[in-house]
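S.K.: Below is a structure I'd like to ask you about.
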Amino acid sequence: PISFTWTGGSLPAGGLVSPSIVVTPTATTTYTVSSPDPTSSCAVAGTITSSFTVNVNALPVIPSISSSSLSLCEGQTPPNLSSLVTSTGPFLWYSTAVVPGTGQSTAPTINTNVSIHTQQSYFVTQSTANCGESAPKNIVVDIFPNPAAPAFVNDYSTCSSTLPVNATLNVNSAT
């Protein structure tokens with residue numbers, strides 16, 4: 001019968017004798033299997049050796065951001081969302097619910113052209129080629145409309161002898 005000897009990683013000293021192994025390395029590890037060549041009577045000179053490497057890639061981590069919420073005013077020039085991310089990428093961006101693998105590599109643009117208070121949520125994940133995406137980090141953007149100019153109830157005409165004039169602000173038209 002053919003015998004196999006496995007070495008490498010956290011296998012026992014002297015190797016493991018088996019036609020197959022199950023390994024769970026925590027770092028990239030190379031394993032070697034050797035077997036005497038059955039066509040040779042000389043085990044040392046006729047040993048067949050082969051190796052394989054298990055590459056252990058780091059799982060993506062949730063991106064670090066400098067701020068998870070922004071407050072902007074109507075028409076204000078918004079920051080680029082990618083400027084809020086303080087960790088290294090690559091990243092995937094979402095403007096709606098996160099569906100892994102469907103994000104965009106470019107951060108979405110914040111729209112500040114609103115006439116009523118609006119809250120927008122954006123999500124960013126870190127992605128890796130071999131291990132998918134991290135859990136998302138949420139960035140909430142509140143956009144507030146600009147206040148309306150106050151309006152007076154009436155214009156006044158008066159003579160200098162009837163001063164002072166009481167001016168009334170129409171509070172309903174001011175925001």
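The values are calculated or read from the model by the stated rules, or taken from the named source; none is laboratory data. If you're wondering where the values come from, they're calculated on a predicted model, not measured in any experiment. No Cβ is skipped: glycine too gets one built from the backbone with ideal geometry, and neighbour counts run over all protein chains shown. All accessible areas refer to the heavy atoms of the entire protein, side chains included, with ligands and DNA or RNA removed. Shrake-Rupley method; radii C 1.70, N 1.55, O 1.52, S 1.80 Å.
S.K.: Probe 1.4 Å, all protein chains in place: accessible area of SER115 in Å², nearest 10?
M.R.: 100 Å²
S.K.: Going by average Cβ density within 10 Å per residue, which order do the peptides 140-149, 12-21, 123-132 take, highest to lowest?
M.R.: Top of the packing list down: 123-132, 140-149, 12-21.
S.K.: While we're looking at this one, here's another question. How much solvent-accessible surface does GLU74 expose, in Å² to the nearest 10, with a 1.4 Å probe and all protein chains in place?
M.R.: It works out to around 60 Å².
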